[in-house]
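One structure is given below, encoded as structure tokens.
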Amino acid sequence: MGGRAEATAPVIMERLQVSNAGSQGRQGRNPQPGTWNLERRRQAGSAPARARWRRRGGVLAALLALTACATGRDYHTVQALRETGPGAPVRAFVKGNDIRIFAGTGDRARTFKAEWSRLGSGGRVYAYRLAELKVDPTPPNLERTARAWREAEIFGKDAWVNMARSAAERLVPASPGGAALFRLGGREAVLVREEDGTLRKAAPGEAPPHPVVKVTHRDLANAMTALLEEEMAAGGPPLRLFALADLRPEGLVPFVLLDRDRREGVLLFAPRTLTKTGKGPGILSSARSGASLLFESHVLALLKNPISSLGRLLNVLVQGITYPFALGMPDLPDAPPPLYAGPPMDPAAWEARLDRITGRAADCGTFRLLIGGEDFFPAFAERLRGARKSIHLLVGIFDRDDVAVEVADILRERSKEVEVKVVLDRMSSNASGNTQATTPVAEGFEPPTTIAGHLKKDSRVKVRLFLNPWFSAEHSKLFLVDGEWAYLGGMNIGREYRHEWHDLMLEARGPVVAALERDFALAWAHAGPLGDLAYGSATLFGKRPRAGDCTGLPRLRRLYTRTGAKEIRQAVLEAIERARRVVYLENPYLVDHEVTAALARARGRGVDTRVVFPSVTDFLDTDETNIDRANYLLAHGVRVYLYPGMTHVKALVADGWACLGSANFNNLSFRFNQEIDLATSDPALVEMVRAELFEADFARSHNLTEPILVGWTRSLAGLLMDSF
């Protein structure tokens, strides 16, 4: 999170106690040292102090407006909230991962419900969820619910205001000119600290001071919960379960549930009707789309690409037969030894081994890290707008939400002046385009029917599709501009990557870019109408990159998963087995049990082994599998971290070697998909990855110290996900 103010900010809240009889009023208490009573401080404050609070109120209004989920809410839920009214009495009850909220009285009484999946942190940092709040059409009996469920203490709108203000005070650096970029609800605002310590919102287009602290909704929520913990420790009421309630449907998130025992927070949104697909496809439309996918993947692809399609079928059969016999996750009985203090693995010997694994020497070049959508997308858009010759995109998911359409529109405009070619994975792009965004899309946005059609409309953009024979996928993310710049990593083109997830892209330069351009040329030829024939011709007769000047440049190595090549899997496993000092790994889908076992064995050799999992992923079954993997690694002495939210990063550091790119640490990326990673043994680049990515994420994450309870359903989910 950001820097913390030197002086304790005037904080926190006036509790609003809602009586069971339905009357709502303030519950006062005598202020004690270390606790906060905003009304008392306001009465005692001077006129300049009150003026500062009014200014802060303006900043707060801008800040809280970012958390609004005003776009496309479900009419019935919003109407019920409106009918209930902002002053209505509220009672909330929780049981497991379900909540029931009783609001209003008499003919205005309404009951709401929500449920969510759980991967709680169990430690200092809260894990956060998003859950849709819906009207309960068959509400349970209030008295019966009160007896069987846990009741939450309710706080009202004033608590929102005071807590958000205090959290903002903490998150913006304390020194004059300090600034924080708040990314909340898919929107952004910059708050700047002035000479007198007050905060103001930066004007549109104003260049904020640097550096700028980046704040997500989870950072803001963590700051709020930290304030509450301090309030409790300083003599506040010993609450365990409480909810912040604001029933204005045009305003904020209606409810936030905080559970101190489970260290869990749930942001309860009214469900949005404006999704990436509008009203969503009907049954006939979905059936036609599915039939089209099957025809293109297994009939058209076989006619156009007979050799590669049959090769992928053979690969599916071979991998399906051999994978169950691969090394599992054995129990290692000995306690992990102290950390090894000797020399790391020999980088020269390891690079020579990689020459043999790949059958080619390393390229050369350099790269920088673009961490998070706020770093990558603006830089990428600027590069696209400045292109002079060509733009080539090879991407797994090109979504059709507002972020994707914004990128597509840049490509359409640039195609009038430069060559623009796009290869996208048909199955993955369609699937993502038919799912709902977690954060609200831009006001009034209407998605195109297909992103391929939108790209080609009124433009010279050339689009080709990877047709997914036997459900293989083009999972690479490779974006090339002018043959000089290459971007690769984990980010597809869509809202998740811009606003919702933690992810990483490399911006590479140097002779390695020419080699990556050849990769794109081969993918473009294979996706064309002549398929395998064009691919073979491009392989044999296509332009090959000339050796560039590598003087003073680090060595960079391309690694692939292809139908006939499993370079990434072999390199990752061997690097972990060879490591002697350090193994750091971050990925949302650590499903491969061979990698998991290799990590445990590394710790058994005295290696400092650390793994970063997301606290929640985009697949429920993967959440369950990650719990199983985290518990196994923790039992074998590996340091396990839970990132606060979804991390989509695919990264490994093994001693002095770093590997980053599109490949997850799972069966799909290691054995079936098309993937591109970039690796290096250059000390400066490896240190950059270690410090800017891993050390930063260790600091942001919760260090797990106790196993997470696992039921039989989770164990079963782990077995099922082993296949993927």
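The values are calculated or read from the model by the stated rules, or taken from the named source; none is laboratory data. The structure displayed is predicted, hence computed values, not measured ones. Because the Cβ atoms are built from the backbone with ideal geometry, glycine has one as well, and the counts that use them run over all protein chains shown.
Descriptive notes on the structure:
- Residue count for the stretch 419-449 under the criterion of being under 29 Å from V513 (Cα atoms) and either part of a loop (DSSP other than H, G, I, E, B) or of a type in the set (D, E, K, R) (or both): the result is 4.
- A single member of L540, L585 is buried (at least 19 other Cβ atoms within 10 Å of the Cβ) and of a type in the set (A, V, I, L, M), and it is L585.
- Scanning the stretch 451-486 for residues that are part of a strand (DSSP E or B) and of a type in the set (A, V, I, L, M, F, W, C) turns up V463, L465, F466, L478, F479, L480, V481, W485, A486.
- In the stretch 526-535, the residue that is nearest to the chain's Cα centre (by Cα) out of those that are touching a residue at least 12 places away in the same chain (Cβ under 8 Å) and part of a helix (DSSP H, G or I) is A527.
- For T322: the one exception among (1) hydroxyl-bearing (S, T, Y); (2) modelled with pLDDT of 80 or more; (3) surrounded by fewer than 14 Cβ atoms within 10 Å (Cβ to Cβ): (2)
- Selected residue (criterion: nearest to A523 (Cα to Cα)) from residues of the stretch 554-586 that are part of a loop (DSSP other than H, G, I, E, B) and modelled with pLDDT of 95 or more: P554
- Selection from the stretch 400-418 of residues that are modelled with pLDDT of 95 or more and not in a helix (DSSP H, G or I): S415, K416, E417, V418
- Of all residues in the stretch 570-586, those being closer than 20 Å to L516 by Cα and charged (D, E, K, R) number 0.
- Residue in the stretch 548-566 that is under 21 Å from T625 (Cα atoms), of a type in the set (V, I, T) and surrounded by 24 or more Cβ atoms within 10 Å (Cβ to Cβ) present: no
- Check on A168, part of a strand (DSSP E or B) and crowded, with 18+ Cβ neighbours inside 10 Å: no
- Meets criteria (within 17 Å of L678 (Cβ to Cβ), more than 26 Å from the chain's Cα centre (by Cα) and not acidic (D, E)) for G548: yes
- For the stretch 667-690, residues that are more than 21 Å from L314 (Cβ to Cβ) and touching a residue at least 40 places away in the same chain (Cβ under 8 Å) total 12.
- For the stretch 362-385, a tally of residues being among the small types (G, A, S) and in a helix (DSSP H, G or I) returns 3.
- Of all the listed residues (G433, G453), the sole one being of a type in the set (G, A, S) and free of Cβ contacts under 8 Å to residues at least 12 places away in the same chain is G453.
- Contact map, the stretch 628-650: residues that are more than 21 Å from A335 (Cβ to Cβ) paired with residues that are at pLDDT 90 or above and among the small types (G, A, S), Cβ distance under 7 Å, separation 6+ or inter-chain. Pairs shown: H648/G490; V649/G490; K650/G490; K650/G661; K650/S662; K650/A663.
- Boolean, P173 is in a loop (DSSP other than H, G, I, E, B) and modelled with pLDDT under 85: no
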